[in-house]
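Step one of this worksheet: look at the structure below.
The values are calculated or read from the model by the stated rules, or taken from the named source; none is laboratory data. Since we're looking at a predicted model, the values are computed, not measured. Counting neighbours? That spans all protein chains shown, and the Cβs are built from the backbone with ideal geometry, glycine included.
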Amino acid sequence: MRIDPEQLRRLMRAKGISSAELARRAQVTQSTVSRYLNGMFETAPMRSAMAIADALGVELMTLVKDEPSRPSRPPGGLIGRMDPKGVADLCAESLEAFVAAISAITNAKVGKRWKR
């Protein structure tokens, strides 16, 4: 989600609120408001974005910049190319291997303790 700097400016002008006043009302720093106004946040931290929307008396989505949707693509890496059953099998095998390793370590430590 990205805050639209122009929309933020329009709302501030319409409400007659300065950046300092908006920061005070939203309980964020003036630097945070400045970054929104200058479009410096790639993605908006949800907490401060919601606080700014509340301070302006608008819904959060009123401040969000419309961005062209990106085509969805499967996640990269091995798991992204596997079918769901393959992923489940891999997870089950990994879990079994993990449990076996922990058991071996635990048994080795217990065996050493009893041999003393």
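Note on the stretch 1-85: enclosed helices (runs of 4 or more DSSP H) holding 1 or more residues that are at pLDDT 80 or above and in contact with a helix residue (DSSP H, G or I) (Cβ under 7 Å, 6 or more places away or on another chain) are 5-15, 19-26, 30-37, 46-56, 60-63.
The single condition among (1) among the charged types (D, E, K, R); (2) buried (at least 17 other Cβ atoms within 10 Å of the Cβ); (3) in contact (Cβ under 8 Å) with a residue 24 or more places away in the chain that residue 35 does not meet is (3).
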